[in-house]
1. Roughly how many nanometres apart are two label points built 7 Å out from the Cα toward the Cβ at Glu67 and Tyr149?
2. Could you grab the relative contact order for region 94-164? Cα pairs under 8 Å, six or more apart, rounded to a whole percent.
3. Under a 1.4 Å probe, what is the accessible area of region 88-153 per residue, stated in Å²?
4. How would you classify region 39-109 from its alpha-carbon gyration tensor, with a ≥ b ≥ c the square roots of the eigenvalues: rounded for a/c under 1.5, else prolate if a/b is greater than b/c, otherwise oblate?
5. Show the residues, 5+ positions off or on another chain, whose built amide H is closer than 5 Å to the amide H of Gly71.
6. Taking 0.36 nm per intervening residue step and subtracting the Cα-Cα distance, what contour gain separates Asp78 from Glu45 on full extension?
7. Before anything else, pin down the relative contact order of region 42-164: Cα pairs under 8 Å, at least 6 apart, normalised by residue count, whole percent.
8. Where in region 52-142 are there trypsin sites (Lys or Arg not before Pro) that are in a DSSP coil and have at most 15 other Cβ atoms within 10 angstrom of their Cβ?
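The values are calculated or read from the model by the stated rules, or taken from the named source; none is laboratory data. Values in this document were obtained by computation on a predicted structure and should not be read as measured data. Every residue, glycine as well, gets a Cβ built from its backbone with ideal geometry; the counts of neighbours run over all protein chains shown. All accessible areas refer to the heavy atoms of the entire protein, side chains included, with ligands and DNA or RNA removed. Shrake-Rupley method; radii C 1.70, N 1.55, O 1.52, S 1.80 Å.
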Amino acid sequence: MLCEISELYNYNISKVLKEDIPSIYDFIVKNDIDLKCYLTSNSIEEKINETLYYRGELFLKIENQYEEIIGIIRGRIDFDFYNRLWLSLFKISDDIPEKMKKRIFNEFTEKVSKDYSIYKIEIGVSSEDNTLFFLKRCGFSVSRILKDYFSFEDKNKSLIILNR
């Protein structure tokens, strides 16, 4: 597997499989993830297929000890110019305490950084995503802002790129 962290504080991070599609879809809807490209079963299946065919692609689920999906991670490791981890989606359920979210996120990024010699981690979030404040508390800083990058329901939102 490209990336798996076992029994991480009673949580497990592993690849999303085709049989996970209904649970991933339910997680996305329940957590009101504001990325329309993730909201169909076909889109989720396409992202699973990308991890099979493209080097460095990640689509991971975070499960609790009861095997319930409590988070998802989507991104890729870019090996071309320098080893960079680019996360296009990182979401842990709002029901999980922030201290635990931070532990899971930091353990994940440390493990990937160590295993793949990652020198830079970048993540893109919507200008209205509360993940922005979480990432700043995890040591990320804003590197650039792309104004009006997203357009949902006749509303423009900026893409904020952070790095650490």
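1. 3.7
2. 32
3. Working: 3790 Å² over 66 residues.
So region 88-153 comes to 57 Å² accessible per residue, rounded to a whole number.
4. Working: a/c = 2.47, a/b = 1.31, b/c = 1.89.
Oblate is the answer for region 39-109, as a/c is 1.5 or above yet b/c matches or exceeds a/b.
5. Ile62, Ser93
6. Working: separation 33, 0.36 × 33 = 11.88 nm, distance 2.19 nm.
Full extension of this stretch gives 9.7 nm more.
7. Numbers: 182 pairs, mean separation 21.0, N = 123.
Answer for region 42-164 is 17 percent.
8. Numbers: sites: Arg55, Lys61, Arg74, Arg76, Arg84, Lys91, Lys99, Lys101, Lys102, Arg103, Lys111, Lys114, Lys120, Lys136, Arg137; in loops: Arg55.
Here the sparse-neighbourhood loop sites are Arg55.
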